[in-house]
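The next block holds one structure in the form of structure tokens; read it before the comments.
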Amino acid sequence: MEKPWKCGDCGKGFRVPSKLEVHRRIHTGERPFTCSVCEKGFAELSSLRNHQRVHTGERPFTCCQCEKGFTWLSNLRTHQQIHTGERPFTCSQCGKGFTQLSTLQTHQRVHTGERPFICSQCEKGFTRLYILQTHQRVHTGEKPFTCSQCGKGFTQSSNLQTHQRVHTGERPFTCSQCGKGFTQSSVLRIHQRIHTGERPFTCSQCEKGFITSSKLRIHQRVHTGEKPFTCS
């Protein structure tokens, strides 16, 4: 289809001038739509409306398999691939599969070492913009996501959602082997290694394997002699 409205910066074409106007904000950095709660800016009004669901807790898109709710339809579609097992985007370096092309592209920075998003305060680099934005709250002390039950603040909405399960008792991630429930999918994955015997973290000194990287780091003190905890 004809796209007569061209961007003067990158040459991308659009069918209507309003779309071009929104696109130009990528180059100018303009974000005219601001959240009244956390003052985060957005290039489009629709993006602001979707963002506000973070504060209201609204999750209008629900998975028919597990009834988990999502603020964005695209996030629901990606989530549904957990149930189907579909991972159409594969890393050519390690063969790891991903549900989204953007996630694969970000993952490839593990192999290239690229960290294009740099903190202006400490110069630490990050593979994703949102990780940088979250990291910057370490310097500002900002914790925009607050638990309505106990008032505890969090730097990320996902951390707040996980925390709220302390109050509700919800454990939505269940082990298929023993039925034990967990508040986080990452904790379930670690638990499942008890059943599979997988020990992906190996000591370079003695080749002993461990379920988690933290257990490996503690073990390595046997070889280094490090004793970081001192009695006062």
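The values are calculated or read from the model by the stated rules, or taken from the named source; none is laboratory data. Please read these numbers as outputs of a predicted model, since none were measured by experiment. Neighbour counts are summed over all protein chains in view; Cβ atoms, including those assigned to glycine, are modelled from backbone coordinates with ideal geometry. Keep in mind that these areas ignore ligands, DNA and RNA; they rest on the heavy atoms of the full protein, side chains included. Shrake-Rupley method; radii C 1.70, N 1.55, O 1.52, S 1.80 Å.
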Residue tally, condition of a type in the set (A, V, I, L, M, F, W, C), part of a helix (DSSP H, G or I) and within 17 Å of T212 (Cβ to Cβ), over region 157-194: 4
Counted residues, region 117-146 - those being farther than 15 Å from C38 by Cα and outside any helix (DSSP H, G or I): 12
Sole exception among (1) farther than 25 Å from C147 by Cα; (2) open to solvent by 80 Å² or more (accessible area, probe 1.4 Å); (3) hydrophobic (A, V, I, L, M, F, W, C) for W72, by number: (1)
Cβ-Cβ under 8 Å pairs, at least 6 apart or on other chains, region 129-154 side among the acidic types (D, E), far side surrounded by 15 or more Cβ atoms within 10 Å (Cβ to Cβ) and assigned to a loop (DSSP other than H, G, I, E, B): E142/T155
Those residues of region 1-28 which are over 19 Å from E44 (Cα atoms) and open to solvent by less than 50 Å² (accessible area, probe 1.4 Å), in sequence order: G11
Residue check, R53 open to solvent by less than 50 Å² (accessible area, probe 1.4 Å) and basic (K, R): yes
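Scan region 82-98 and tell me whether some residue there is closer than 27 Å to K19 by Cα, surrounded by 15 or more Cβ atoms within 10 Å (Cβ to Cβ) and within 19 Å of the chain's Cα centre (by Cα).
No, region 82-98 contains no residue that is closer than 27 Å to K19 by Cα, surrounded by 15 or more Cβ atoms within 10 Å (Cβ to Cβ) and within 19 Å of the chain's Cα centre (by Cα).
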Some residue of region 84-107 being hydrophobic (A, V, I, L, M, F, W, C), part of a helix (DSSP H, G or I) and within 24 Å of T162 (Cβ to Cβ): no
Condition check for T155: touching a Leu at 6+ places or on another chain (Cβ under 8 Å) and of a type in the set (S, T, Y): no
Conditions (1) over 30 Å from S36 (Cβ atoms); (2) open to solvent by 70 Å² or more (accessible area, probe 1.4 Å); (3) more than 23 Å from the chain's Cα centre (by Cα); number of the one not met by R171: (3)
Checklist (1) among the β-branched types (V, I, T); (2) within 30 Å of T56 (Cβ to Cβ); (3) surrounded by 15 or more Cβ atoms within 10 Å (Cβ to Cβ) applied to I211, failing item: (2)
Neighbours by Cβ (under 7 Å, 6+ apart or cross-chain): first from region 13-28, of a type in the set (V, I, T); second assigned to a strand (DSSP E or B) and open to solvent by 30 Å² or more (accessible area, probe 1.4 Å): V16/W5
Of all residues making up region 129-164, the number that are in contact with a Ser or Thr (Cβ under 6 Å, 6 or more places away or on another chain) and among the basic types (K, R): 2
